[in-house]
1. What stretch of the chain, leaving out the sites themselves, is the longest with no chymotrypsin sites (Phe, Trp or Tyr not before Pro) in a DSSP loop having at most 10 other Cβ atoms within 10 Å?
2. Could you give the dipole magnitude of segment 253-412 about its Cα centre, charging the beta-carbon of Lys and Arg +1 and that of Asp and Glu -1, in debye to the nearest 20?
3. Run the quick spin-label model on PHE253 and GLU377: label points 7 Å from Cα toward the beta carbon, then report their separation in nm to one decimal.
4. Roughly how many Å² is the accessible area per residue of the chain, as a whole number, for a 1.4 Å probe?
5. Quick one: length gained pulling LYS12 to ASN351 fully straight, 0.36 nm per residue minus the C-alpha distance?
6. Per residue, how big is the convex hull around the C-alpha atoms of segment 38-153? Give it to me in cubic angstrom, could you?
7. Let me have the 222 nm mean residue ellipticity of the chain computed from DSSP H runs of 4+ only, each contributing -39500 (n - 2.57), with the sum over all residues rounded to the nearest 500.
8. Going through segment 208-266, which GluC sites (Glu not before Pro) have at most 12 other Cβ atoms within 10 Å and a DSSP loop state?
Amino acid sequence: MGEKILRIEDVKLAVVGLGYVGLPLAVEFGKRRPVLGFDINARRIDELRQGRDHTLEVETEELAQAVHLRFSAEAEALAEANVFVVTVPTPIDQYKQPDLTPLIRASETIGRVLKRGDIVIYESTVYPGATEEVCVPVLESVSGLRYNDDFYAGYSPERINPGDKQHRVANISKVTSGSTPEVAELVDRLYAEIIVAGTHKAPSIKVAEAAKVIENTQRDVNIALINELALIFNRLGIDTQAVLEAAGTKWNFLPFRPGLVGGHCIGVDPYYLTHKAQSIGYHPEIILAGRRLNDAMGSYVVSQLIKAMTKRRIQVQGSRVLVMGLAFKENCPDLRNTRVVDIVRELGEYNIDVDVYDPWVEPEEAVQEYDIQPVAEPCKGAYDGIVLAVAHDQFKKMGASAVRALGKPDHILYDLKYVMSAEDADLRL
């Protein structure tokens, strides 16, 4: 007979990992009930205690509203909690294999303070089965407790969209699950306290894990299709955006656009699913084909730029190119898995002098993550090529003439994000 399930009013909550996912969640709960926000990064904890969030996901005013939220980098502080929500990153390694190290480390940390009746809820994106096949055994081994007898688990996949001020934690519907029907009900009721958009209680943890990983896999495959269409239309001399706008007049045409596919979700999650599929003897064709195509877009962009420069008789070797934008998406400082770095590195292969300009990113982080030192301001009239890689609002407000003024009298402007009209850009995807 297992432990008696916690009552909702007895929940003492801890959120483990205070990045783009964990902090907004902790803040929402912290407006309503006592919450411990834990992160191993002491600098991050100091920053949050001072009311600042460098990810810009939570404003200072909103942090102040979370009156029941306190922060700690001391693992011992977790001992007071009985429900743990794990929101650590789940990246891929250099071989495009899932890197579960942060998840395992977080499970070890929780395992050291785990008590009878406690519940551990994971939000990190994983492949179906990872919670119970990887995380739970770690919890059991470290704590000496038995799963579903002494402690329980849940899974509620994150749906954070970095930089999006409309779709926030509370107004995005939430999938929930638990390791027993009673735990599933408690987990669902807990999230229902903060999710005004409503919750969906999945029948099992594996179903919830699978639902998450296919959300972004579906988007990845669809973008790969549009990227391939862009390659075809470019060879045919047809403007891709014009084609998509015409096709978009049909009510059920999906509004995807070509481009670089990076970030912590779309460019990563499919590899979690394909890893699991291959482990059971199935080789996924469409998903991996889409990944290969999307991962090759940076090289394609550079090849098109070089070709255009050559046709204009602009000397390629020793030329100077400005890349506008480094973050993986517009209007956010998130550099995780940004594919703009593919363009920067490929340009470097041609011995091109590359300046990267992005008013959103922290220069120190760019250096640490990618060994790229962004310029504080681009030089006017200095560039043989300009690649508009990220559609930040600042770049949109500049307009074509101001962007063009950054180039030499004869230069190539490549607009990857359709910020400008077809007439204002030399190249578009």
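The values are calculated or read from the model by the stated rules, or taken from the named source; none is laboratory data. Because the structure is predicted, anything quoted here is derived from the model rather than measured. Glycine gets a Cβ as well: all are built from the backbone with ideal geometry, and neighbour counts include every protein chain shown. We work out accessible area using only protein heavy atoms, side chains counted, and drop any ligands, DNA or RNA first. Shrake-Rupley method; radii C 1.70, N 1.55, O 1.52, S 1.80 Å.
1. Value returned for the longest uninterrupted segment is 96-250.
2. Roughly 780 debye, rounded to the nearest 20.
3. Each label point is offset 7 Å from its Cα along the Cβ direction, giving 4.3 nm.
4. Result: 45 Å² per residue.
5. So the chain would gain 116.4 nm between LYS12 and ASN351.
6. Taking only Cα atoms, segment 38-153 has a hull volume of 121 Å³ per residue.
7. After summing the helix terms and dividing by the residues of the chain, the value is -11500 deg cm²/dmol.
8. Of the GluC sites (Glu not before Pro), not one in the loops of segment 208-266 has a Cβ with at most 12 other Cβ atoms within 10 Å.
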